[in-house]
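Here the structure is laid out as structure tokens; the discussion comes afterwards.
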Amino acid sequence: MDHPLKFLWKYIKHRKVKIIITYCLGFVTSALILIRPRLLGSIVDRVAKPVWENITGHTPTDPQLITKLWQLVAGVVAITVIRGVLIYIYNYCKEKTSQDCLMSLREDMYDHLSGLDFEYFDKNRVGDIMTKMTADTDMVRHFSGATMFAIIENVVLFLGAIVVMVFTSPILTLVSLVVLPVVAIIAVRLSKTIRPRHLKIREKFSAMNTAAQENIGGNRVVKAFAQEDYEIEKFNAANDAHLQANIESVNIWARFLPPLDFTTSFMSVILLALGGVLVIHNQISVGDIIAFNGILASVSGPLRMTGWLINEYQRFSVSVQRISEFMSSESKIVNNENPVSVDRFKGDVEFENVSFKYGDESVLSDISFKANAGEVIAFVGPTGSGKSTIMNLICRFYDVSDGSVKIDGIDVKNIDIHTLRENISTAMQDIFLFSDTVEGNIAYGNPNASLAEVKRVAKVADAEEFIQGLSDGYDTVIGERGVGLSGGQKQRIALARALLKNPSILILDDTTSSVDMETEHTIHQTLKEFLVNKTTFIIAHRISSVKHADRIFVVSDGQIIESGTHDELINRPVEEAYYRNVFEHQMGDFDNFYKAGGDAHGKK
């Protein structure tokens, strides 16, 4: 992991001029703070003292003293006004710099997120990813726009104040700074103790976000099973864990802040005691004491802020650590050095002795088949048999563990990933529709498509009729994930979206499982013209969905146990005919056949 400041430098180095200007403004405002106490001291020594002596000596007041007073007061007012204007510009520059950094960081993170493979999303919670994209990035913004400048500003103010104090009274300066070693010890201990607590706070915050996200995303399931109370308890537990982590951090502050505050406050006690003695012995003036006291605030202020600055830096450091871990995560699905890029595939697909493991679990074992361009290939089998995994390997969402997957004779590992997926269109089993219009959802894979083209594929997917019945037709905005549509309606929109892309290879993963048999028949009839010159893979549980396929592969336990046309498979001998038994006993539904006691050999 990069050092936090080195990480930040990548995002601020392009804004060096703006940052230099901002720092210069900070230096000037700090310097003006140090000038004002000197002016107030001069008012006491050069105006107030002579006036007091004249009054007590019953002598007329020197008229020039009034002039000096107004001059000094005008100086204090001018400094206050100028500093106010500069602070406004200074704060604007700080915030602009931090917002620019935040925008660049989030763009980089989103670009990186878009390039990660399925495995990353399988293993990482959405709530944790969102926390990194929001709360952690905002912590970087806060540091780059406030804490970073506050650290520099306080260091400059502290050092500048010491210089002015030395010129005012070297003895008072030396004695006042005896507290510095104590402050340093407290600061170091605070820094080491507080960091693990901030990391724990971020982890608990991610867990809380995950609980909320899952509840929101699965609200229909929650309500269907009347589990609102359970979800509330689950969120409250995560919220309480986050609270306890914050309380632990507060307890650390409660331990370290009083000693730090007491130590810095002790400087004022030293000034009053020693300063009074020096005034009595005429070694310094009352004006010097007043000036010194004002400047001392510029020393004690940064010392008091040491704890806060350390805390903010550690929060920033923890967020950078989490962001760096995210940015260092690598996709296993990447292009090789010289990937093949073509405009359009012919569509031949071949599996050669393909095996696939997810972790230690074997999902596919020694799968071999070839689909010729333009063929309709079907895969049937019970849930969990490995059908969808075969399709994922064609799209290279995962890489094979053994063997190879080839398209037009080229191993998919050697094909440019963008080119590969541009030539493949998928209607996935897990349908996702965006919070957009119906037209926008259908045209997602081909944004430049005309409304006429969108309507054409909608008719093929048998979606035209129900779309026209919506409140605004194709301009109807549907809810997130298609809320407001039935399962069958969502499937037909997903099918239309896949067809509009006009790919070389079309994958339909259980696309008509939620529609009735009549609608399914209509869809298959209208699909025929669209499947010309496309290699089409159909995954289904119902035999009625695949009867028309050129070849059918029966998959069970990660292996192909039968293959052939529908007629060939139903005419096989009973003792070998898994497909035939499903067709005869369970009206062609593989899941129902398994539930009724059928096995991988077609027996009951």
All but one of (1) open to solvent by less than 70 Å² (accessible area, probe 1.4 Å); (2) modelled with pLDDT of 85 or more; (3) under 45 Å from the mean Cα position of the chain (by Cα) hold for ASP557, so report the exception by its number.
(1)
Within the set of pairs 6+ apart or on separate chains, which have a first residue in segment 537-561 that is closer than 15 Å to ILE507 by Cβ, a second that is acidic (Asp, Glu) and surrounded by 22 or more Cβ atoms within 10 Å (Cβ to Cβ), and C-beta atoms under 6 Å apart?
ILE539/ASP509
Of all residues in segment 435-463 being open to solvent by less than 40 Å² (accessible area, probe 1.4 Å) and in a helix (DSSP H, G or I), which is nearest to SER486 (Cα to Cα)?
VAL438
Does segment 497-514 contain at least one residue that is at pLDDT 85 or above, touching a Phe, Trp or Tyr at 6+ places or on another chain (Cβ under 6 Å) and assigned to a loop (DSSP other than H, G, I, E, B)?
yes
Restricting the search to segment 465-511, which residues are closer than 22 Å to SER435 by Cβ and of a type in the set (D, E, K, R)?
ASP472, ASP475, GLU480, ARG481, LYS490, ARG492, ARG497, LYS501
The condition from (1) outside any helix (DSSP H, G or I); (2) under 30 Å from MET103 (Cβ atoms); (3) of a type in the set (A, V, I, L, M) that ALA212 misses is numbered (1)
For segment 246-269, indicate whether the set of residues that are within 25 Å of the chain's Cα centre (by Cα), modelled with pLDDT of 70 or more and not in a loop (DSSP other than H, G, I, E, B) is non-empty.
yes
Residue under evaluation ARG344, criteria (1) open to solvent by 20 Å² or more (accessible area, probe 1.4 Å); (2) not in a loop (DSSP other than H, G, I, E, B), criterion not met:
(2)
Considering segment 192-231, residues that are farther than 30 Å from GLN314 by Cβ and polar (S, T, N, Q), and then whichever is surrounded by the fewest Cβ atoms within 10 Å (Cβ to Cβ), we arrive at ASN219
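Residues checked against (1) out of contact with any strand residue (DSSP E or B) (no Cβ under 7 Å at 6 or more places or on another chain); (2) at pLDDT 75 or above; (3) within 30 Å of ASP136 (Cα to Cα); (4) surrounded by fewer than 19 Cβ atoms within 10 Å (Cβ to Cβ):
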site: GLY275; (1), (2), (3), (4): yes, no, no, no
site: ILE280; (1), (2), (3), (4): yes, no, no, yes
site: VAL286; (1), (2), (3), (4): yes, no, no, yes
site: ILE290; (1), (2), (3), (4): yes, no, no, no
site: VAL299; (1), (2), (3), (4): yes, no, no, no
site: ILE310; (1), (2), (3), (4): yes, yes, yes, no
site: ARG322; (1), (2), (3), (4): yes, yes, yes, no
Restricting the search to segment 163-176, which residues are assigned to a helix (DSSP H, G or I) and either touching a Phe, Trp or Tyr at 6+ places or on another chain (Cβ under 7 Å) or buried (at least 17 other Cβ atoms within 10 Å of the Cβ) (or both)?
VAL164, MET165, THR168, LEU172, THR173, SER176
Considering only segment 316-345, state which residues are within 30 Å of ILE151 (Cα to Cα) and aromatic (Phe, Trp, Tyr).
PHE316, PHE326
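The values are calculated or read from the model by the stated rules, or taken from the named source; none is laboratory data. Just so we're clear, the structure is a prediction, and the values are computed from it rather than from any experiment. No Cβ is skipped: glycine too gets one built from the backbone with ideal geometry, and neighbour counts run over all protein chains shown. Remember, those area values only see protein heavy atoms, side chains included, never the ligands or the DNA or RNA. Shrake-Rupley method; radii C 1.70, N 1.55, O 1.52, S 1.80 Å.
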